[in-house]
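Reading through the structure tokens given below for one structure.
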Amino acid sequence: MRKTLPVLLALTSLGGCISPLPPVNPQMAWVDLETRTGKVIMAESLDKQRLRDGRFFQVTPGSHDLVARFDYEVYIGGMAMNTDLPNRLCYLSVHYDHFEAGQRYRLEGIALGFNASARLYNDKGEEVAEQNNVFCIP
């Protein structure tokens with residue numbers, strides 16, 4: 001029993017980190033976050049208000065400013081073969097005027113070398129907006 005107690009406590013503490021997504025409100029628009037070229041993309045702020053849950057944006061219909069945190073590794077070719085790839089942190093700002101209630105959108109973070117960008121797609125896969133500002137560290 002003494003050996004299993006620490007394992008059991010560790011597993012139960014992890015359960016608090018993984019909460020289910022809230023239900024989708026049909027009166028609002030939902031924005032999923034995705035990246036294929038980065039490590040992680042997370043919702044940072046909506047209309048200059050910091051968000052508590054970085055896994056999604058849920059917005060009222062109309063115009064909104066989204067800011068997402070985007071982390072990725074910079075691949076610089078053969079110059080750094082024996083070193084760790086440098087990490088880059090960027091904040092991607094996207095403005096869109098026409099969010100519609102009940103619609104799903106997808107914000108994709110894209111990394112290409114030292115450059116980062118973002119594109120917003122509607123539920124048909126059509127690009128409806130792209131970043132209007134990118135701020136990266138370092």
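A short reminder: the numbers here are calculations on the coordinates, not readings from a lab. Model, not experiment: these values are computed from the prediction. When we count neighbours, we look across all protein chains shown, and the Cβ atoms used for this are built from the backbone with ideal geometry, even at glycine.
Results, tabulated for the structure shown:
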| quantity | calculated |
| --- | --- |
| Extension gain (nm, one decimal) between Ile137 and Ile18, 0.36 nm per residue minus Cα-Cα | 40.0 nm |
| Calculated FRET value between Ile76 and Arg55, using beta carbons and R₀ = 35 Å, to 0.05 | 0.70 |
| Protection proxy ranking, peptides 112-119, 23-30, 69-76, average beta carbon neighbours within 10 Å, highest first | 69-76, 112-119, 23-30 |
| Zone of Ser117's modelled label, taken as backbone nitrogen in segment 36-57 under 18 Å from a point 7 Å along Cα→Cβ | 36-39 |
